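Down below is the structure, laid out as structure tokens.
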Amino acid sequence: MTVPPRTGADPGLFGPASVTWQVHGDPMMWIAGVRALYLQALHPRAVRGVLINSTFLEDAWGRLMRTADFVGTLTYGTTEAAERAGARVRGIHRRLRVDDPELLLWVHCAEIDSYLGVARRSGLRMSDAQADRYVDENRVAARLVGLDPARVPAGTRELAEYFAAVRPELAAGEDARTVDAFLRRPPVAPALVPAREIVWRRVAHLAYASLPSYAHDLYGRPAPARRTVDRRLAATGTTLRCIPSRLRWQLPPGHILKAVARLGPGSRPAPYKLDRGAAILDGPGRAQRSDGGDRTRWRTPG
């Protein structure tokens, strides 16, 4: 039996009953995040903006940690904390003049496609309805970075249609190849070179292999057959999920432990909760349409 959140506790923008709450607690999100970087780099204008206006090449680990902190805050933080984080990101986008809705949409869709695709292919059991629900829920995250939710894909079919439409604009130019070379062999301190060779290169290789075939064609580097990649993703997912969750959740930024402390033990994200498909779909989280189906009208939860 699912234990409800503590009375009066703020579940945040998504809440423990959401699909997003379960997916974003999975350890394969780290590999999915690297995949998203590979995919995002294939949009020439988007990657140009990143390389010009950020310290990505000098502080890639910091960039990954800041992204993890932002996603964690939006998923597991309070409503106030999530809204505050979104306002901060929108302010940065405006100052750096990287608030073009077209580019923000590309970044958002590349992230959602990566998180969802890696989670499912690595063995996180999820129905098609739950996958659609995940895409729909994350239009709240799109709003927080400055997008109109009504213009953001609301399901897996719309997400696929978006990628089909944007595909002619993609290319692996000089900037994309810079990101590719960096992700394959990021500079590290001499003492960390063995860890880079043993751990990071495997993460980057698997993230690259999980990209769609057109991305491999653009980068010009082959990848194993999809079935082989799926087996590797599943094996990696099984291994990582064997690590006790409370040990994994001790890693920074620690949003899940804070959420569980706020809402109670029944709010712990867990893969088995996705098996309770009916319960999740009948009891939506905080991110939901205001009228039960009109995708043009949204409310701010709370």
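Each listed q (0.12, 0.14 Å⁻¹) maps to a log10 I(q)/I(0) for the range 112-188 from the Debye sum over equal C-alpha point scatterers, namely -0.49, -0.65. About its Cα centre, the dipole of the chain is roughly 720 debye, where the only charges are +1 on Lys and Arg Cβ and -1 on Asp and Glu Cβ.
Computed with a 1.4 Å probe on the full set of protein chains, the accessible area for GLU102 sits at about 80 Å². Per-residue ellipticity at 222 nm from helix content only, as computed over the chain with -39500 (n - 2.57) for each DSSP H run of at least four residues, stands at -17500 deg cm²/dmol.
Show me 38-49, 262-273 ranked by packing, highest mean number of other Cβ atoms within 10 Å first. Don't jump to the answer; show the numbers that get you there.
Working: 38-49: 21.8, 262-273: 16.6.
For the peptides 38-49, 262-273, the packing ranking is 38-49, 262-273.
Note on GLU158 and ALA235: the extension gain reaches 24.7 nm, defined as 0.36 nm multiplied by sequence separation minus the Cα-Cα distance. Using only the alpha-carbon atoms, how far is helix 60-76 inclined from the longest principal axis of the chain? Give it as 0 to 90 degrees, nearest 10. So the helix axis and the longest Cα principal axis differ by about 20 degrees.
Between the residues LEU74, ALA131, VAL203, the greatest Cα displacement towards the positive end of the dipole of the chain, with unit charges on the Cβ of Lys, Arg, Asp and Glu, is found for VAL203.
Counting only protein heavy atoms and using a 1.4 Å probe, what share of the accessible area of the chain belongs to carbon plus sulfur, as a whole percent? Don't jump to the answer; show the numbers that get you there.
Values: 8470 of 14780 Å².
C and S fraction of accessible area: 57 percent.
Largest first, the residues ARG184, ARG94, ARG241 sort by 1.4 Å accessible area into ARG94, ARG184, ARG241. The fraction of all Cα pairs in the range 159-213 landing in successive 10 Å bins from 0 to the largest distance is 20, 39, 27, 11, 2, given as whole percents. For the range 199-269, the residue among LEU240, VAL260, PRO222 whose Cα projects farthest onto the positive side of the dipole built from Cβ charges is VAL260.
Ellipsoid semi-axes for the range 169-260, based on the Cα gyration tensor and the rule √(5λ), read 28, 19, 15 Å when sorted largest first.
Against the chain, whose longest principal axis comes from its Cα atoms, helix 174-184 is set at around 80 degrees. A straight chain from LEU192 to ILE52 at 0.36 nm per residue would run longer than the Cα-Cα distance by 47.7 nm. Take the chain with all the other protein chains still there, run a 1.4 Å probe, and you get 49 Å² of accessible area per residue.
Axis of helix 226-241 versus longest Cα principal axis of the chain: the two differ by about 60°, to the nearest ten degrees.
Working from the alpha-carbon coordinates of the range 47-167, get Rg over Rh, Rh being the Kirkwood radius.
Values: Rg = 14.7 Å, Rh = 15.3 Å.
Answer for the range 47-167: 0.96.
If you bin all the Cα-Cα distances of the chain at 20 Å, starting from zero, the percentages per bin are 33, 61, 6.
The values are calculated or read from the model by the stated rules, or taken from the named source; none is laboratory data. Not measured: the values here are computed from a predicted model. Counting neighbours? That spans all protein chains shown, and the Cβs are built from the backbone with ideal geometry, glycine included. To get the accessible areas, we keep the full protein, side chains included, count just its heavy atoms, and leave off ligands, DNA and RNA. Shrake-Rupley method; radii C 1.70, N 1.55, O 1.52, S 1.80 Å.
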